[in-house]
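To keep things clear, I will list the structure first and then write my remarks on it.
The values are calculated or read from the model by the stated rules, or taken from the named source; none is laboratory data. Bear in mind that the values here come from a model prediction, so they are computed numbers and not experimental data. Cβ placement follows ideal geometry from the backbone for every residue including glycine, while neighbour counts extend to all protein chains displayed.
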Amino acid sequence: MKILYATSEAVPFCKTGGLADVAGSLPSALAAEGAEVAVVVPLYRRVRERFGDQLTFLCYDYVNLAWRHVYCGLFSLERDGVTWYFLDNEQYFDRPDLYGYMDDGERFGFFSRAIVRMLDHMKFWPDVINCNDWQTALVPIYLKDDGVREDRFRSIRTTLTVHNIEYQGRYNPYVLGDLFGLDAGWVEDGTLLMDGDLNLLKGAILCADAVNAVSPTYANELKMAYFAHRMESVMRQCEYKLYGVLNGIDMDRYDPARDPGIARNFTAEDMSGKDEDKAYLQCLMGLREEAHVPVVAIVSRLVSHKGLDLICEVLHDMMKLPMQLVVLGKGDKKYEEFFHWAAQQYPGRMAVRLDYNEELSMAIYAGADLFLMPSKSEPCGLSQMIAMRYGTVPIVRETGGLKDTVHPYEAWRDAGNGFTFANYASNDMLHVIREAVYLYKDYPDAFGRLRKRGMECDFSWARSAGEYLRIYANVTGQVWPAPEAAPAVEAAPVEEAPAAAEETPAAEEARPFEQAAPESDPEPVKKPAPARRGRKKAAPSAGKAETEKPAPAVEEKPAAAKAEAVPAAEPKKRGPKPGTKKKPKAAGTKAAGETKKKGTAAKEK
C-alpha cells in the first residue's frame, strides 16, 4: 500500500503543536508495518536553515493557482524508511514563522494545489493521501475537481485527520475563484459554504473518503454542538465514514532512561534521577529547592479551550496548598498578563516563562511531580502521555483524548494512572489538585506506585498504526496485511514426511489471502472423499504403512484432518500407487514451482 502523508508541520523539521509530533512519528510507524510511505511538507525557512545540506533537489515545475503560474521546487530526504518531500516557493514559505500571515489562505492553497500537481515527480503514485487539518483540506477537493478532466486522479483515495475542529479555514466565499482557482459551483451547491463563509474544512470532510479524529472520545464529541464549533451537523452527516484513532508518542524519543536533554536519566525501577531533575528544574526556574514539596507544571498554549479560566478563578486557593507552580507557554494576551502578574505575587513558589522552548519543556516534564491539563476540549493531547512517560502524574479533565489515556486514581484498589474530574468547574479541579498534593506528601509509597503505572503505559505508535492501515484498506479496497506476506510462510521446504504434515496448517493460514480466485475453495472441499477411500484400501498393506502412521497421527489431527495432507506422505514411500497421480489435482490451487522442488509432499500442500 502506497501512502502519501500531507502535513503543514512535522518533527524534527518544524513544529508549533501536536500535529508536528503526530506527523513526525506516524509515517515511520506505518513504514514499519510494511507500507510504502512518503510525507510532503512545505520547505520553510527554518527547515532550509537546519536541514538544507541534507536535502536532495529533484526537479521543479510550475503550478497553476487561479490566475497565478507559480514556481514549485521539489526536494527530498530519506529518513527512517520514509521519503520526505519538501515543496519550495520562497514567496510563500521563506518566512520566520509557519502561520499567522494575512495570506495564509493563498499560501496553503498553493501547498494543496502543488501536492496534487507534483505527484508525477514523486517516486510512486499514491493509493491514499492522508490530509491533516485545514492547511491541506483543499487536496481532496482538487482531486475531485481534476478527476473530472483526468481519469488518473480518480484512483487516489483520501482521508482527513481532524486534529482540532476549531480551526476550519474560513474565508469570504467571493475569493473562491480568485484565491483558490475553483468554480463557484463548489459554493453554490453548499459543499464549501458554512454560515455564509467559505469553509475549507467542511469541504474536505464531505469530499474525503474517510474522516479520522485523533481519539475515540473526540470522534463522538464532534457530533455534539458543545465541541464541534457549529460543525456538528456535518459530522453527523458523515458519521458513516468517521473513525476515532488515539494518537501515540515516539517512545524512543521520549525515554527518560536515554534522553540526553534532561539533567539526569532515570527509570521506573530507579527514580533517584527524578529527584535530581526536580532540583535542577527548581534552580532553573528560580523556585525554592524543597525536595518534599510537589511541583505542579503547565506546558500549554495559553488559549481558552485549554481550561485556563479555571486556573484563573482558583489560583490563590491553589497556592495555599503546599505546592509550587511552573507555567510555560504563550498565547492570548489576557492569560499572559495574568500569569505574569501572579508570578510576582508568589516569588519562589511560582515561575512563569511566556514562551515555548523545547529544551525547557523537557526539563519540566522530567522535573515536575504533577502535570495540570484542565482542558475545556482536547482532541487527543500528547502532553499527558509525555508527562506520564517521565514519571509526572497528570491531573486532567475528562474530555477527548484525556479521558481515553488518563484513568482516575482509586485508592481502595490502588489503581489508575492519574487524577481526573468531569465537570468544567474550578472547584472540581481544585478538589483533585488537593487530593494529588496530599497523596504526594502523606502517602509517598502510594504516589510512587501511581507514578510507576503511568511510566509503564504503552503509548507507542505501533498500537495506532494498524488502525490507520485498516482505514486505508477500507477506502482503497485493498487487503491488509498484503497478500504478498503469504509466500513467506511457505518458503521453508523440508523433504521429510513429518515436515510435510507440519506445513499443512501454515498453508491453511495463508488461504484467507488467496482471494483472487474465489472458486478455488470449493474444489479442495469436494475431493477429500476419494482421498479418504484410497487411504482405507492402503491400510492393510505391509509394515511400511504401520511405520508411517505414528507421525501423521501426531501431526495431522491438529490440522482438522485435512484429506489432502494425509495421503501427501504415503505415496512418497510406497511408490507409484494408483491414487498418487490423482492427488495433485486436489491441490491444483498451489504454485507449480513448489511441486518440482518438494516432490509429492509439496504437491499436496
>> Can you pull out every residue in region 108-144 that is surrounded by fewer than 20 Cβ atoms within 10 Å (Cβ to Cβ) and within 14 Å of LEU200 (Cβ to Cβ)?
In response: LYS144
> Counting just the residues of region 172-220 that are crowded, with 21+ Cβ neighbours inside 10 Å and β-branched (Val, Ile, Thr), which one comes out farthest from the chain's Cα centre (by Cα)?
Replying inline: ILE205
> Identify, please: which residue in region 228-281 is exposed (fewer than 15 other Cβ atoms within 10 Å of the Cβ) and hydroxyl-bearing (Ser, Thr, Tyr) and is, among those, farthest from GLU166 (Cα to Cα)?
Replying inline: SER272
>> What are the pairs with Cβ atoms under 7 angstrom where one residue, in region 179-198, is free of Cβ contacts under 8 Å to residues at least 40 places away in the same chain and the other, located anywhere, is in a loop (DSSP other than H, G, I, E, B) and surrounded by fewer than 18 Cβ atoms within 10 Å (Cβ to Cβ)? Sequence gap at least six, or different chains.
In response: ASP195/ARG230; LEU198/ASN172
> Of everything in region 339-350 that's under 13 Å from CYS312 (Cβ atoms) and touching a strand residue (DSSP E or B) at 6+ places or on another chain (Cβ under 9 Å), which residue is surrounded by the fewest Cβ atoms within 10 Å (Cβ to Cβ)?
Replying inline: HIS340
>> Between LEU315, LEU281, which is part of a helix (DSSP H, G or I) and either basic (Lys, Arg) or under 19 Å from GLN384 (Cα atoms) (or both)?
In response: LEU281
>> For region 61-78, give me each residue that is closer than 30 Å to ALA32 by Cα and without any contact (Cβ under 8 Å) to a residue 40 or more places away in the chain.
In response: GLY73, PHE75, SER76, LEU77, GLU78
> In region 80-93, what count of residues is obtained for those that are modelled with pLDDT of 95 or more and assigned to a loop (DSSP other than H, G, I, E, B)?
Replying inline: 1
>> Any residue in region 282-306 that is within 19 Å of LYS376 (Cα to Cα) and in the same structural domain as MET362 (by TED's automatic domain parsing) sitting within a Cβ distance under 6 Å of a residue that is among the β-branched types (Val, Ile, Thr) and not in a strand (DSSP E or B)? List the pairs, counting only those 6 or more apart or interchain.
In response: ALA297/ILE364; VAL299/ILE364
> Pick from region 453-502 the residues that are at pLDDT 50 or above and more than 29 Å from LYS2 (Cα to Cα): which of them is nearest to the chain's Cα centre (by Cα)?
Replying inline: CYS457
>> Just checking: which of the helices (runs of 4 or more DSSP H) contained wholly in region 336-412 hold 3 or more residues that are under 22 Å from LEU430 (Cβ atoms)?
In response: 383-389, 400-405
>> Here are the criteria: (1) crowded, with 19+ Cβ neighbours inside 10 Å; (2) closer than 30 Å to GLU378 by Cβ. Tell me which single one GLY17 does not satisfy.
In response: (1)
> Counting just the residues of region 297-313 that are crowded, with 17+ Cβ neighbours inside 10 Å and in contact with a helix residue (DSSP H, G or I) (Cβ under 7 Å, 6 or more places away or on another chain), which one comes out farthest from GLY367 (Cα to Cα)?
Replying inline: LEU310
>> Take PRO256 and tell me if it is without any contact (Cβ under 8 Å) to a residue 60 or more places away in the chain, under 18 Å from GLU359 (Cβ atoms) and not assigned by TED's automatic domain parsing to the domain that holds ALA137.
In response: no
> Can you tell me which residue in region 136-174 is nearest to GLU221 (Cα to Cα), limited to those that are in contact with a strand residue (DSSP E or B) (Cβ under 7 Å, 6 or more places away or on another chain) and among the β-branched types (Val, Ile, Thr)?
Replying inline: VAL162
>> If I ask for residues that are without any contact (Cβ under 8 Å) to a residue 60 or more places away in the chain and either among the aromatic types (Phe, Trp, Tyr) or assigned to a loop (DSSP other than H, G, I, E, B) (or both), which ones from region 239-252 would you list?
In response: TYR240, ASP252
> assigned to a strand (DSSP E or B) and small (Gly, Ala, Ser) - does that describe any residue in region 63-79?
Replying inline: yes
> Which of the residues that make up region 94-130 are of a type in the set (D, E, K, R) and part of a helix (DSSP H, G or I)?
Replying inline: ASP104, GLU106, ARG107, ARG113, ARG117, ASP120
